[in-house]
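The values are calculated or read from the model by the stated rules, or taken from the named source; none is laboratory data. These numbers come from a predicted model, not from an experiment. For neighbour counting, all protein chains shown are included, and Cβ atoms are generated from backbone atoms with ideal geometry for every residue, glycine included.
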Amino acid sequence: MDKIWLVIKREYLTRVKKKSFIIMTLLGPLLMAGVIALITYLGMSDSGPQNILVVDDMAPVFDRLEDGRNYKFDYSDLSLPDAKKLFPESKYTAILWIPEIMDGERDNRPFLYFKEQPSGKTIRSIESKIEKVIEEMKMAKYGIKKSDYNKVRTNLSLATFKFSEDGTEEEVMTEKTVVGFAFGILIYMFIFMYGVQVMKGVIEEKTNRIVEVIITSVKPFQLMMGKILGIAMVGLTQFLLWIVLMFTFVTAAQTIILNNKQEMVMEQVAQVQQMNQMQSGALNLKKQDNNAFDITDPDNLINRINWPLMIGLFLFYFLGGYLLYAALFAAIGAAVDNETDSQQFMLPVTAPLIAAYAMSAMMIENPGNPAAFWGSIVPFTSPIIMMVRVSLGIEGAQYWELILSMVLLVLGFLATTWLAAKIYRVGILMYGKKVNYKELWKWLRYH
Amino acid sequence: MNNILETQNLIKDYAGHKALNQVSIEVPKGSIFGLLGPNGAGKTTLIRIINQITMPDSGTVLFNQENIEPKHRSLIGYLPEERGLYRKMKVGEQCLYLAQLKGMTYAEAKKKLKYWFEKFEIVGWWDKKVEELSKGMAQKIQFIVTVLHEPELLILDEPFSGFDPINTNLIKSEIMQLNENGTTIIFSTHNMASVEEICQDIALINHSKKILSGKMRDLKNDFKTNTYEIVFKGSLLKFTNALWTGAELIDSKEIEPEHFSATIKLLNRTTTNDLLNGLIPHVQIQGLKEVLPSMNDIFIQAVSNPQTQSEIA
């Protein structure tokens, strides 16, 4: 048995010492932070300033639209066809056409012609400006006072709470599934990256012809498992280093934020003292603290996730899913002579993985999806999908589902390992033979 | 009999294709054993079974009279026909890894490697990656790795295919050296001429079956056809007439004018002395030599004659 350790050690050390591993480990967290920052930035940024020419067939009703933050209105008495003719040469970036009958009671809609697509935010803002005018029009028509209107006007959003069997209530936020999804993606990435490494490693040994020398010293099964486990340890090492690095980054960032906050608090305290209004000042403070990036707030998303459970399950599902798929990747590697030949066998192996990924993305919107239940039980998809489910929190009977899913995953990887070992044993000694599924089936029946 | 290795009635069936059919061989301790046969005859399957890479469907393998087990792996050194090394790994690390897999300790492996690297004058390669080495260089490493753990039995599958002539000679002399020090060696090859002069014992395999085995010397005697080569000066006609009914001329060639080399086959219990007595009055005999069959001849004869399943011990 100590020989399998030698194999694990070699597989581990040769990979961990590679430059690409070190670079990936250092850059990984930075890259991820970069992607997140980029997405946030793109989400927040707006399209360029718009110059909008209003063609108002109901003139002069719409001559008092308010300008927005990055757009402003100009008015003309041109007809729409004339305006359109001049539009390409003009300084205007868009034409807003208000059709003749536009009282908000018939199904008539204003049109916006643009050169460059305004952002959704801009469009919504323009809509609200028009709505406001129409509302005023209607108020005048029906004799409603603006002050009355403001009193009636209501704007609410539903507060959703999950009521657990033990009586505790928790506010449900679909945001929590995002955390599960993030773990799911991580598992997906790891399975893919390291599964393919297993396959490449097997192909390397086979094409190098070193495999026959090695299996006179160790059993093929030991060689295969040594490779799979060695690479798993590489994955865990990388993950661990990422956590450490991430933790360092976050702590560093937090220290800076906290420092800033202290300054803010000091300033406010000074103001408050000046104004001698201690109470309202404290209230103010609390409000400001309550922002999404504050990790010290118990209501913050980060603090409402059951981290020990999530990390524990992540490790379990990562290892289980990886072992399940890595065995299959090893079998593929053994069956083919080079990487190009591996395509025909890759598809059936990667298809459930990709399906699980797609399904988990959909679950962000609808976590209660019945397909999600089955996906979280079947071993080929459960490593990714169960992470998303569990991130919402589990209770009662769901624990049984979780246990079932975990047991099935263990059985699943034992089964694929058994299957893969049979193919591996024959495949690694088979050179220059085009292998198809029929051939693989034959190998399974060798003894 | 003191055999280091015996196989008894090995059968291996690959989904309809019989790779080995009742193969029994005996390899005497300390011998150089030739496992001969054309490509695809089943030699590699047999070797893989001996190396415990594949299991036979039935039959047994005895190593030093014991049923072969994983513990015997470290007593066998194997140079496969399909051989290679990790290309991206450093030579020294790789040798240490393979040696440790064979059961050597790190310190022991390092010491032995130092000895071999100095012997082959390749100490400078230790930190090189294998991909930086030429093919010939890699072959030397391969050989070192095969013999490093001082196996009792060394199995070489087509050992000289792919080796350049200089390496072939170097490796050949190392193998002879190892054999003198007591290592039993099995050569497996389809090129029968290449091992003729070094093997003492052979087994011939064809179409999954062993068709012949025994001491090379005995086999040659058994298959000899009473054929002699005679070199003489004089007239070929007189020579032929002098043969009379005692022998038959098979072939002759003129080396120089009036100087011939003839191949004859003795008939009717004629001895060489009888033959010479008849010839000497007519031609001047310069040499007489028995022509023993080559392994190739023996193989062809054994294969073409299905009754030759008799074993010669």
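For region B:75-108, a residue qualifies if it is at the interface with another protein chain (Cβ under 8 Å from one of its Cβ atoms) and among the hydroxyl-bearing types (Ser, Thr, Tyr), and the qualifying residues are B:78, B:86, B:97. The residue list A:216, A:207 contains one member that is free of Cβ contacts under 8 Å to residues at least 40 places away in the same chain and within 12 Å of another protein chain (Cβ to nearest Cβ), which is A:216.
Criterion first (at pLDDT below 90 and closer than 17 Å to residue B:78 by Cβ) does residue B:44 satisfy it?
Yes.
Does region A:350-365 contain any residue that is over 18 Å from the mean Cα position of the chain (by Cα), within 30 Å of residue A:212 (Cβ to Cβ) and touching a residue at least 24 places away in the same chain (Cβ under 8 Å)? So far as region A:350-365 goes, yes, one or more of its residues are over 18 Å from the mean Cα position of the chain (by Cα), within 30 Å of residue A:212 (Cβ to Cβ) and touching a residue at least 24 places away in the same chain (Cβ under 8 Å).
Exactly one residue out of A:228, A:191 is of a type in the set (Val, Ile, Thr), over 24 Å from the mean Cα position of the chain (by Cα) and away from chain B (no Cβ under 14 Å), and it is A:228. Within region B:47-74, being within 14 Å of another protein chain (Cβ to nearest Cβ) and touching a residue at least 60 places away in the same chain (Cβ under 8 Å) holds for B:47, B:50, B:51, B:63, B:74.
Restricting B:188, B:173, B:194, B:213 to those that are within 30 Å of residue B:291 (Cα to Cα) and either within 14 Å of another protein chain (Cβ to nearest Cβ) or in contact with a His (Cβ under 8 Å, 6 or more places away or on another chain) (or both) reduces the list to B:188.
Among the residues of region B:227-262, those that are closer than 23 Å to residue B:294 by Cβ, surrounded by fewer than 15 Cβ atoms within 10 Å (Cβ to Cβ) and either β-branched (Val, Ile, Thr) or at pLDDT below 85 (or both) comprise B:250, B:255. Among the numbered conditions (1) surrounded by fewer than 22 Cβ atoms within 10 Å (Cβ to Cβ); (2) at pLDDT 85 or above; (3) under 30 Å from residue A:31 (Cα atoms), the only one that residue A:220 does not meet is (3).
If you go through region B:10-42 and pick out every residue that is within 14 Å of another protein chain (Cβ to nearest Cβ) and either under 26 Å from residue A:222 (Cβ atoms) or free of Cβ contacts under 8 Å to residues at least 60 places away in the same chain (or both), you end up with 9. Look at region A:226-239: where a residue is on the phi < 0 side of the Ramachandran plot and a partner is of a type in the set (S, T, N, Q), sitting 6+ places away or on another chain with Cβ atoms under 7 Å, you get A:231/A:197; A:238/A:25.
Of A:341, A:294, all but one fail to be in the same structural domain as residue A:412 (by TED's automatic domain parsing), assigned to a helix (DSSP H, G or I), surrounded by 13 or more Cβ atoms within 10 Å (Cβ to Cβ) and modelled with pLDDT under 90; the exception is A:341.
Do we find a residue being touching a helix residue (DSSP H, G or I) at 6+ places or on another chain (Cβ under 6 Å) and either surrounded by 13 or more Cβ atoms within 10 Å (Cβ to Cβ) or modelled with pLDDT of 85 or more (or both) anywhere in region B:304-312?
yes
When A:65, A:112, A:96, A:78 are screened for being hydrophobic (A, V, I, L, M, F, W, C), touching a helix residue (DSSP H, G or I) at 6+ places or on another chain (Cβ under 8 Å) and under 22 Å from residue A:149 (Cα atoms), only A:65 passes.
Restricting attention to strands (runs of 3 or more DSSP E) lying wholly within region B:206-261, give those where 2 or more residues are under 30 Å from residue B:13 (Cα atoms) and outside the structural domain of residue B:282 (by TED's automatic domain parsing).
Answer list for region B:206-261: B:209-215.
Could you grab me the full set of residues in region A:91-122 that are surrounded by fewer than 16 Cβ atoms within 10 Å (Cβ to Cβ) and closer than 13 Å to residue A:52 by Cα? Answer for region A:91-122, where residues must be surrounded by fewer than 16 Cβ atoms within 10 Å (Cβ to Cβ) and closer than 13 Å to residue A:52 by Cα: A:91, A:111, A:115, A:116, A:117. Taking the criterion of being in a loop (DSSP other than H, G, I, E, B) and surrounded by 11 or more Cβ atoms within 10 Å (Cβ to Cβ), the residues of region B:114-143 that qualify are B:120, B:122, B:126, B:128, B:133. Among the residues of region B:151-176, the one identified as among the charged types (D, E, K, R), in a loop (DSSP other than H, G, I, E, B) and under 16 Å from residue B:195 (Cβ atoms) is B:158. Could you list, in sequence order, the residues of region B:168-208 that are surrounded by fewer than 16 Cβ atoms within 10 Å (Cβ to Cβ), under 26 Å from residue B:116 (Cβ atoms) and in contact (Cβ under 8 Å) with a residue 40 or more places away in the chain? Result: B:182, B:198. Taking region A:381-447 and the helices (runs of 4 or more DSSP H) fully enclosed by it, the elements with 1 or more residues that are within 13 Å of chain B (Cβ to nearest Cβ) and of a type outside the set (D, E, K, R) are at A:397-427, A:437-445.
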